[in-house]
Amino acid sequence: MLIKDARWQQEADIVVVGYGGAGAVAAITAHDQGAQVLIVEKQPQDSHHTNTEMSGGGFISVNDPDKAVRYVESFYRVDRDLYWTGPDVIRVWAEYVAQNRQWVESLGGKIRFFHSGGEQPGPGSECIDLYFYRGWGWGMAKFLKQQVAQRGIPVMYSSPARKLLTNLNCEVVGLRV
């Protein structure tokens, strides 16, 4: 929807759509980088249940980003220089996922190492490390919610995202909830 002039009900530098594990991590990271953050969540607060809560609380962290790139490229290569996901995107993924363990621990998260090795065998699979949050998915979700609350990041519950709002230059300037 095109917006020329608007009065906003709320304003933020970053609006995170969805308050599950990924949304919480995005909000925490943006906040810690100095952004004013708002989370919008379609579920009501009193019955808010995330996929993270229902999961095992596992996540991966790579111990060698270069090996991770080679490993993942082997899955996404269609032909010699043709990929389903481009090598640049795979490189960025590998560099950031290598920080997962350290990021959780730096916030005081309690994790345990499970095993090394990717799901699929192949060169570089040994660079994939699997960790589990103590308390499983419920524990991880509780930890992330505590981190959001400690930072005072506001959450708008019962607020499903309806439409991105753009200006005349087709830049996203808002969200209708």
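The values are calculated or read from the model by the stated rules, or taken from the named source; none is laboratory data. Source: prediction; values computed, not measured. Reconstructed Cβ throughout: ideal geometry from the backbone, glycine too, with neighbour counts over all protein chains shown. Please note that ligands, DNA and RNA were not included when accessible areas were found on the heavy atoms of the full protein model with its side chains. Shrake-Rupley method; radii C 1.70, N 1.55, O 1.52, S 1.80 Å.
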So which residues in the range 60-73 are in contact (Cβ under 8 Å) with a residue 60 or more places away in the chain and open to solvent by less than 30 Å² (accessible area, probe 1.4 Å), if there are any at all?
Ser61, Val62, Ala68
Qualifying residues in the range 102-119 (those that are open to solvent by 90 Å² or more (accessible area, probe 1.4 Å) and not in a strand (DSSP E or B)) - the one farthest from Gly56 (Cα to Cα)
Gln102
Residues of the range 125-144 being farther than 21 Å from Val62 by Cβ and among the hydroxyl-bearing types (Ser, Thr, Tyr), which ones?
none
Tell me, please, whether a residue that is modelled with pLDDT of 95 or more and in contact with a Ser or Thr (Cβ under 8 Å, 6 or more places away or on another chain) can be found in the range 65-86.
no
Specify the residue that is nearest to the chain's Cα centre (by Cα); the eligible residues are those in the range 120-130 that are farther than 12 Å from Ala68 by Cβ and surrounded by fewer than 13 Cβ atoms within 10 Å (Cβ to Cβ).
Gln120
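Residue-wise test of (1) out of contact with any Ser or Thr (no Cβ under 7 Å at 6 or more places or on another chain); (2) open to solvent by 60 Å² or more (accessible area, probe 1.4 Å).
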{"residue": "Phe132", "(1), (2)": "yes, no"}
{"residue": "Gly135", "(1), (2)": "yes, no"}
{"residue": "Phe143", "(1), (2)": "yes, no"}
{"residue": "Gln146", "(1), (2)": "yes, yes"}
{"residue": "Ile153", "(1), (2)": "yes, no"}
{"residue": "Met156", "(1), (2)": "yes, no"}
{"residue": "Pro160", "(1), (2)": "yes, no"}
{"residue": "Val172", "(1), (2)": "no, yes"}
What pairs come up if the first residue lies in the range 42-54 and is surrounded by fewer than 17 Cβ atoms within 10 Å (Cβ to Cβ), the second is among the small types (Gly, Ala, Ser) and in a loop (DSSP other than H, G, I, E, B), and their beta carbons are under 6 Å apart, counting only those six or more places apart or on different chains?
Pro44/Ser158; Asn51/Gly20
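Just the residues that are farther than 28 Å from Glu73 by Cβ, small (Gly, Ala, Ser) and without any contact (Cβ under 8 Å) to a residue 40 or more places away in the chain, please, taken from the range 95-150. If you could, list the steps in order and put the result at the bottom.
Quick first cut of the range 95-150, residues farther than 28 Å from Glu73 by Cβ only: 105-110, 112, 133-150.
Now narrow it down to the ones that are small (Gly, Ala, Ser): 106, 108-109, 135, 137, 139, 141, 149.
Listed by number, the residues that qualify are Ser106, Gly108, Gly109, Ala149.
Could we say that Tyr76 is farther than 25 Å from Arg151 by Cα, open to solvent by 30 Å² or more (accessible area, probe 1.4 Å) and touching a helix residue (DSSP H, G or I) at 6+ places or on another chain (Cβ under 9 Å) here? Write out each step before concluding.
Values: farther than 25 Å from Arg151 by Cα: yes; open to solvent by 30 Å² or more (accessible area, probe 1.4 Å): yes; touching a helix residue (DSSP H, G or I) at 6+ places or on another chain (Cβ under 9 Å): yes.
Yes: the conditions hold for Tyr76.
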Test Tyr83 against the criterion of being open to solvent by less than 70 Å² (accessible area, probe 1.4 Å) and aromatic (Phe, Trp, Tyr), and give yes or no.
yes
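If we scan the range 20-33, do we find a residue that is at positive phi, within 22 Å of the chain's Cα centre (by Cα) and open to solvent by less than 30 Å² (accessible area, probe 1.4 Å)? It would help to see each step written out before you state the result.
First, the residues of the range 20-33 that are at positive phi: none.
No - not one qualifying residue is present in the range 20-33.
How many of the residues in the range 86-101 are surrounded by fewer than 16 Cβ atoms within 10 Å (Cβ to Cβ) and of a type in the set (Gly, Ala, Ser)?
So in the range 86-101, the residues surrounded by fewer than 16 Cβ atoms within 10 Å (Cβ to Cβ) come out as 86-89, 92, 95-96, 99.
Narrowing further to those that are of a type in the set (Gly, Ala, Ser): 86.
Qualifying residue count for the region: 1.
Evaluate the range 90-107: report whether one residue or more is of a type in the set (D, E, K, R), within 19 Å of the chain's Cα centre (by Cα) and more than 17 Å from Ala26 (Cα to Cα). Before you say what the answer is, go through the steps one by one.
Of the range 90-107, the ones of a type in the set (D, E, K, R) are 91, 95, 101, 105.
Cutting the leftovers down to within 19 Å of the chain's Cα centre (by Cα) gives us 91, 95, 101, 105.
Next, only the ones that are more than 17 Å from Ala26 (Cα to Cα) stay: 91.
Checked against the condition, which is being of a type in the set (D, E, K, R), within 19 Å of the chain's Cα centre (by Cα) and more than 17 Å from Ala26 (Cα to Cα), the range 90-107 yields at least one hit.
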